[in-house]
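The values are calculated or read from the model by the stated rules, or taken from the named source; none is laboratory data. Owing to the predicted nature of the structure, the values given are computational and were not obtained by experimental measurement. Don't worry about glycine lacking a Cβ; one is built from the backbone with ideal geometry, like all the others, and counts go over all protein chains shown. Quick note on the areas: whole protein, heavy atoms, side chains included, nothing else; ligands and nucleic acids left out. Shrake-Rupley method; radii C 1.70, N 1.55, O 1.52, S 1.80 Å.
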Amino acid sequence: MTTHLSKSLLNNYRQCPRRLWLEMQDRTARKLGQTPLAQATYSADAQKRFLDGHVIGRIAKARWPQGVDIEALSWVDDKAGTKRRDLSYAQHLTQMWLMQGLPLFEATFSHNKLLVMADVMRPAKRGKETVWQMIEVKSSTAPKDYHITDLATQVWVAQQCGVPVVGAALMLVNKGFTLQTPGDYTGLLDLHQDADLHEQLHDAIRQMPTTLKGAHRTLAQTKEPTQHQPGEQCTSPYECPYLAHCTQAPQDSNRKIKAVPIRFYNDRGAAKAQQLLDAGHTDLRKVPAKTVTQLWNGPNDTHRVNQHLAQAVRTGQVVFARQGAQAELQALRWPVQHLDFETISFVAPVWTGTRNGQQIPFQYSMHRQALNGQVLAHTEFLDTSGQDPRRALAEQLVQDIDPRCTVLAWNDSFERAVIRNLAESFADLRDALMRIHDQVQDLLPIVRRHYFHPDMAKAEGKTFSIKTVLPCMVAHLQYSQLDSVQNGGEAQLAYLLAAAPQDAEKEPGQPITKAEREQARKDLLAYCGLDTEAMVEVISYLFEYPTHKKAKP
């Protein structure tokens, strides 16, 4: 297995040695044309985070227009005429340009089989000598632990190469930034270089030799280091792309079927689950009812929910208080209007008057449903023009929503927040929008109080997510049947594709085609439409309307 490391790989080791081992085994196997032990799976949220990083990187470079981009200069043509980045050449260019005393981007250094590329190297004079400040650019609004270790890794390697790095800083996003003039990002990024940061940085630098030695020791192992078991590190600071591999449920030795993982609803830090694991339990089906009751013996909803979920898993049967659910639904103002928004957020605002990180709605779907289950209407909105979609969306929303009837959402805090932000942006629509805001009620808690399916405890996502609940109630409708957009993160990526400027490219030399844009729109309409159709089906299931197919318990 190759033992060359990068800054990112070393941080992966800090997160979990097993992650580093799997990633390098994955890379080596694919390079040799072999099937890896585990393949990385990056979520749409992770991909969006990568895109945000690239955007902020470009904006940061604009702060030093005289800077030299080592990354851009180090691409060469190989024998087949394909462009590739020559990292040895990048290191040569770095040493050459260091002597010129100009700001450098992606300056490349290597020491002890660890290669790093510094976001920004800013020169300063100390007497006759040129010294350097290293700046790590991040798309976050506040410093995080892994930012410090990122910076420490790069400073240490550069210093080991003899570069006089005498200062270091983080460049982070200003949370309060609002775009006033298109393309003017003055004030978006701030330098963070306080005494606390420097103290943490020095501590991390001192640990570098030990950290690097541990990473190389991990890579020298011939077998997967399975002693590193799943835990909180799997999702901190980000979800590990090998999580599915490490959390595969074990086979039941007697029945040859997968055990049900020990996991609970709203179990903070998985503390209750860990108590059962520590007691030797590995299959939720086999945990006695008395044990669960003793574990979850409080008076609040979380304790009651987990008792019912465990009962459903243990018996293999749905636990459903149908009359209670129906009584709550009948108290609504019918016909109800199922509403769902899709939003996009930008680390660097695109439209004037918007903030970085603000959720901008570009789409909604609304199904109107009668008390007898009949769908009376379906209206939708989708703007992929690339212009600010909020005004047109707000105007159509006001027209589409009947003020006399309940608006239902799944986890209504999101829809309410979107509507409040629209009301704050458009004073002339404020009263109408806030009326809609006050009509919104939440369907999720009604389900959570009355319905528990064995498969909910097996779901890798949230126990009461609509994506978990829908296939439990309605077998013929599943988000997995959709094409490339099956969750909110993928919807954001599809929007960026559909709304990209006409000359935009996916990769250098690969323009986005008209067919790709049209497919992205089609996928968005299908996904958002299913969100509200799913609520229609949930209502129909709870009322047991005969026209809807049911999933078998």
Q.
Scan the range 537-553 and tell me whether some residue there is within 30 Å of ALA259 (Cα to Cα) and touching a Lys or Arg at 6+ places or on another chain (Cβ under 8 Å).
A. yes
Q | Residues located in the range 428-485, provided they are β-branched (Val, Ile, Thr) and either in contact (Cβ under 8 Å) with a residue 40 or more places away in the chain or within 19 Å of GLU537 (Cα to Cα) (or both) | A | VAL440, ILE446, VAL447, THR463, ILE466, THR468, VAL469, VAL474, VAL485
Q: For the range 206-226, indicate whether the set of residues that are among the small types (Gly, Ala, Ser) and in a loop (DSSP other than H, G, I, E, B) is non-empty.
A: yes
Q) So which residues in the range 469-501 are of a type outside the set (A, V, I, L, M, F, W, C), over 19 Å from PRO389 (Cβ atoms) and either in a loop (DSSP other than H, G, I, E, B) or touching a strand residue (DSSP E or B) at 6+ places or on another chain (Cβ under 6 Å) (or both), if there are any at all? A) HIS476, GLN478, ASP483, SER484, GLN486, ASN487
(Q) Within the range 316-406, considering only strands (runs of 3 or more DSSP E) that don't extend past its boundaries, which have at least 1 residues that are more than 33 Å from the chain's Cα centre (by Cα) and modelled with pLDDT of 95 or more? (A) 375-382
Q.
So, in the range 110-137, exactly how many residues are farther than 16 Å from TRP75 by Cα and under 37 Å from the mean Cα position of the chain (by Cα)?
A. 19
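Only one of LEU115, LEU98, LEU9, LEU73 is touching a residue at least 24 places away in the same chain (Cβ under 8 Å), over 29 Å from THR222 (Cα atoms) and either of a type outside the set (Ser, Thr, Tyr) or open to solvent by less than 80 Å² (accessible area, probe 1.4 Å) (or both). Can you tell me which?
Details: LEU115 fails: over 29 Å from THR222 (Cα atoms); LEU9 fails: over 29 Å from THR222 (Cα atoms); LEU73 fails: touching a residue at least 24 places away in the same chain (Cβ under 8 Å).
LEU98 is the lone residue from the list that is touching a residue at least 24 places away in the same chain (Cβ under 8 Å), over 29 Å from THR222 (Cα atoms) and either of a type outside the set (Ser, Thr, Tyr) or open to solvent by less than 80 Å² (accessible area, probe 1.4 Å) (or both).
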Q) Looking at (1) open to solvent by less than 40 Å² (accessible area, probe 1.4 Å); (2) under 27 Å from LYS522 (Cα atoms), which is the one condition that is false for ASN356? A) (2)
Q: May I ask you to say which residue of ILE436, ILE419, ILE446 is part of a helix (DSSP H, G or I), under 27 Å from ASN306 (Cα atoms) and in contact with a helix residue (DSSP H, G or I) (Cβ under 8 Å, 6 or more places away or on another chain)?
A: ILE446
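Yes/no matrix, rows are residues, columns are (1) in contact (Cβ under 8 Å) with a residue 60 or more places away in the chain; (2) closer than 30 Å to PHE50 by Cβ:
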residue: LYS213; (1), (2): no, yes
residue: THR218; (1), (2): yes, yes
residue: PRO261; (1), (2): yes, yes
residue: ASP267; (1), (2): no, no
residue: LYS272; (1), (2): no, no
residue: LEU277; (1), (2): no, no
residue: ALA289; (1), (2): no, no
residue: PRO299; (1), (2): no, no
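Please pick out the residue among LEU93, LEU98, LEU51, LEU32 that is at pLDDT 95 or above, of a type in the set (A, V, I, L, M) and out of contact with any helix residue (DSSP H, G or I) (no Cβ under 7 Å at 6 or more places or on another chain).
LEU98
Which residues, taken from the range 464-483, are surrounded by 16 or more Cβ atoms within 10 Å (Cβ to Cβ) and modelled with pLDDT of 90 or more? Even if it seems obvious, please write down each step before you answer.
First pass over the range 464-483, keeping only residues surrounded by 16 or more Cβ atoms within 10 Å (Cβ to Cβ): 464-474, 477, 479.
Passing the criteria: PHE464, SER465, ILE466, LYS467, THR468, VAL469, LEU470, PRO471, CYS472, MET473, VAL474, TYR479.
Here is a check on your reading of the model: is GLU106 in a helix (DSSP H, G or I) and open to solvent by less than 60 Å² (accessible area, probe 1.4 Å)?
On the way: in a helix (DSSP H, G or I): no; open to solvent by less than 60 Å² (accessible area, probe 1.4 Å): yes.
In short, no.
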Q) Of everything in the range 118-143 that's of a type outside the set (A, V, I, L, M) and under 21 Å from LEU212 (Cβ atoms), which residue is least open to solvent (accessible area, probe 1.4 Å)? A) GLU136
Q. For the range 13-44, how many residues are of a type in the set (S, T, N, Q), without any contact (Cβ under 8 Å) to a residue 60 or more places away in the chain and in a helix (DSSP H, G or I)?
A. 1
Q: Considering (1) among the polar types (S, T, N, Q); (2) closer than 30 Å to VAL260 by Cα; (3) without any contact (Cβ under 8 Å) to a residue 40 or more places away in the chain, say which one THR379 fails and leave the rest.
A: (2)
